[in-house]
């Protein structure tokens, strides 16, 4: 009746998540003088004063982003906060507030939501952020969590995705690939459990991997670490979709190329041993795994001495001229083009 | 396996939407000095400077908040923005930016999302706000839209829910009840259409009602109007859940009572005629209808001369001592306690 049926049909998966956002938002024009940075970085930047406001938002959908059969609700609440804080820290800003909206179906009793909010409160307490608003509504199926995180930073300390220059060093915090492997372990155990509900899983060999998947942390410390070292990152992004995908984001936004060295990628011993057990290539896992919530950033080459000995940081490559492209330099010195095969909720359908 | 099943089961509907939010967030403590106002008003207020930041968020779920069989996607996008801007205006602040997150199932082609974003863009353009971020992901069923709106106001111009005093006048903008009746008309036409897909509905008698439901506007103008009249509202809220529910919010937050006069409630002639046709009581519709997105506010009694002749405002009552309670004074001078029977997505299930 009043519905205007459009005849053209383009499947969403043809565009992919990033393509879809770009496509849908390409006509939005900036009208407010307080909008310093809109769509296109880890967070938007607002305000015309010396102290600017950073805003970022994420939507988590049951069955797409999490599976409650192995994700306890408290952990889910915690992780939902972390995912957003990570985006604020990736701007080199301080996270200060969040809003939390949830849609839930009737199958969740209040006690289940209490567990979820216990996790949210635990993260808020540890990261010293305030929950300042939100919305609670019903859903026809499943649980949906939408969190918006707000942060602050002085204008000069903000780090965007587009500041990397040729010859800058590419640096990653912590190690990568563990969260994805943790998910593989949990999914395997779920299948075992479905076949034999009495099986007692021995997960000792995977504790780090499972913790990275179920209770990740955001790198609140990096801003302070860099400041103490008197290093200003030239570009920064958080690793939510996999190292490879994030490097490509930095390169495209900064209009540079990149050489990434396979032997420099930091891997936890459990990642190496579990990859062997699962017959997976650890470099592929590191490049495409995602959900590590480490920070990836670039620094000027002259900062090499300040960064190299710090146990929090691994120098994994350097930026090149844009025309040289983005490559992985393998252990046997082959040069392979980097491609984004990161975790992508839309293309997985 | 890893899931921790909690045995206690309290059905969400036992708490209701507001009860649930209160219950889940009661233990959250404010830790940031930049959190001026957290949960409990139309929007949160952030910042320690003279210019403060206002943040509000809403989640719209298909099948709960909207029905795509009579809500064109473009209108839905428009309305989703309006709902949030209304909360910013209810703080007497200027709306400046929004983030938009959507979760969609595969049944939506890209063209459908383009329509949705066309509506978002139309609202953004008309209200001069920027879309600065968001998230796009898949959903296992239906469409979910989460919007966060950000605004700014000088510290002194912000109006909260808790500032009403005894003897203050209660004022509403525009008229109320039309949006809810518009929904009733659309639902009736949907049923007719299901029985006879060839029927041509004659909606001429309901144009205003349908427009209020499908393309509501937010009262961006009120802040300027009040400023020109040199009136500072003492408390303010937007009408999303129905006049009665919002009056109760103002009273409870401000710790006052209220007398609302039935004969003063502003109704459009289409509301009156359609209520007669539908055999509904127009006062009940005005009190409990919801989705009008008008503003409800209080002013000092001395501002009466400035407000009374303005066609944008209707003085509908006055605040009393808290112990006197909240009442509707009917046309025949009976005194009936006000109750919140507003549209409540959780208790409706």
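Values in this text are rule-based calculations from the coordinates and carry no lab data. Please read all numbers here as calculations on a predicted model, not as lab measurements. Neighbour counts run over all protein chains shown; Cβ positions are idealised from the backbone, glycine included.
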Can you tell which of A:74, A:29, A:128 shows the greatest fluctuation in a Gaussian network model of chain A with Cα springs below 10 Å?
A:29
Assuming 0.36 nm per residue, please report the length gained on full extension of the stretch residue B:281 to residue B:207 beyond their Cα-Cα distance.
24.6 nm
State, to one decimal in nm and shortest first, how far the label point of residue B:339 sits from each corresponding label point in the other identical copies (label point: 7 angstrom along Cα-to-Cβ).
6.4
Relative to the other copies, what are the label-point distances for residue A:200, with labels 7 Å from Cα along the C-beta vector, expressed in nm at one decimal and sorted shortest first?
7.7
Position residue A:22, label points 7 Å along Cα→Cβ, spacing to each other copy in nm (shortest first, one decimal)
4.9
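Please average, across the residues of A:187-196, the number of beta carbons from any other chain that are within 10 Å of each residue's own beta carbon, and give a whole number. Don't skip to the answer; put the middle values down first.
Details: counts 0, 0, 2, 2, 0, 1, 2, 1, 0, 0.
Average neighbour count from other chains, rounded to a whole number: 1.
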Using Cβ contacts closer than 10 Å as the measure, can you line up A:236, B:326, A:280 from fewest to most?
A:280, B:326, A:236
Between residue B:230 and residue A:107, the two model label points (7 Å from Cα along the beta-carbon direction) sit apart by a distance in nm of 6.3
Within 10 Å of the Cβ of an average residue in A:61-70, the count of other chain Cβ atoms is 3
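Report the calculated FRET efficiency for residue B:334 and residue A:321 (r = Cβ-Cβ distance, R0 = 56 Å), to the nearest 0.05.
Details: r = 82 Å, r/R0 = 1.47.
The pair residue B:334/residue A:321 has a calculated efficiency of 0.10.
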Expected sort for B:111-121, A:253-263 on mean C-beta neighbours within 10 Å, highest first, is B:111-121, A:253-263
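If you take the alpha carbon radius of gyration of the stretch A:280-342 and divide it by 2.2 N^0.38 Å, what ratio comes out, to two decimals?
On the way: Rg = 13.5 Å, N = 63, 2.2 N^0.38 = 10.6 Å.
Normalised by 2.2 N^0.38 Å, the Cα Rg of the stretch A:280-342 equals 1.27.
Across the protein assembly as shown, how large is the tail of the calculated P(r) beyond 39 Å, expressed as a percent of all Cα pairs?
The calculated P(r) of the protein assembly as shown puts 36 percent of pairs beyond 39 Å.
Return a whole-number percent for the relative contact order of the stretch B:262-336, with Cα pairs under 8 Å and 6 or more residues apart as the contact set.
Working: 34 pairs, mean separation 29.7, N = 75.
About 40 percent, as a whole number.
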Extension gain (nm, one decimal) between residue B:125 and residue B:31, 0.36 nm per residue minus Cα-Cα:
30.2 nm
If you rank A:240, B:334 by fewest surrounding Cβ atoms within 10 Å, what's the result?
B:334, A:240
Got the relative contact order for the stretch B:34-154 handy, in percent, Cα pairs under 8 Å and 6 or more residues apart?
37
Over chain B, the sum of -39500 (n - 2.57) across DSSP H runs of at least four, divided by residue number and rounded to 500 deg cm²/dmol, gives at 222 nm -10000 deg cm²/dmol
Roughly how crowded by other chains is peptide A:122-130, in terms of the mean Cβ count from those chains within 10 Å of each of its Cβ atoms?
3
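Given N residues in the stretch B:169-337, what is Rg(Cα) / (2.2 N^0.38 Å)?
Values: Rg = 17.3 Å, N = 169, 2.2 N^0.38 = 15.5 Å.
Normalised by 2.2 N^0.38 Å, the Cα Rg of the stretch B:169-337 equals 1.12.
Going by C-beta contacts inside 10 Å, put A:229, A:250, A:73 in order with the fewest on the left. Mind dumping the intermediate values first?
Details: A:229 16, A:250 26, A:73 23.
Placing the least packed residue first, the sequence is A:229, A:73, A:250.
If you average over every viewing direction, what projected area does the convex hull of the Cα atoms of chain B give, in nm²?
On the way: hull surface 85.4 nm².
Reported value for the Cα convex hull: 21.4 nm².
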Simple spin-label estimate for residue B:14/residue B:198, 7 Å along Cα→Cβ, in nm, reads 5.4
In the stretch B:34-128, if every C-alpha pair distance is counted and binned at 10 Å from zero, what percent goes to each bin?
15, 43, 28, 13, 2
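In percent, what relative contact order does chain B have, based on Cα pairs under 8 Å that are 6 or more apart in sequence?
On the way: 711 pairs, mean separation 74.8, N = 349.
Relative contact order here is 21 percent.
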Packing-wise, with mean Cβ within 10 Å as the measure, how do B:35-46, B:59-70 rank, highest first?
B:35-46, B:59-70
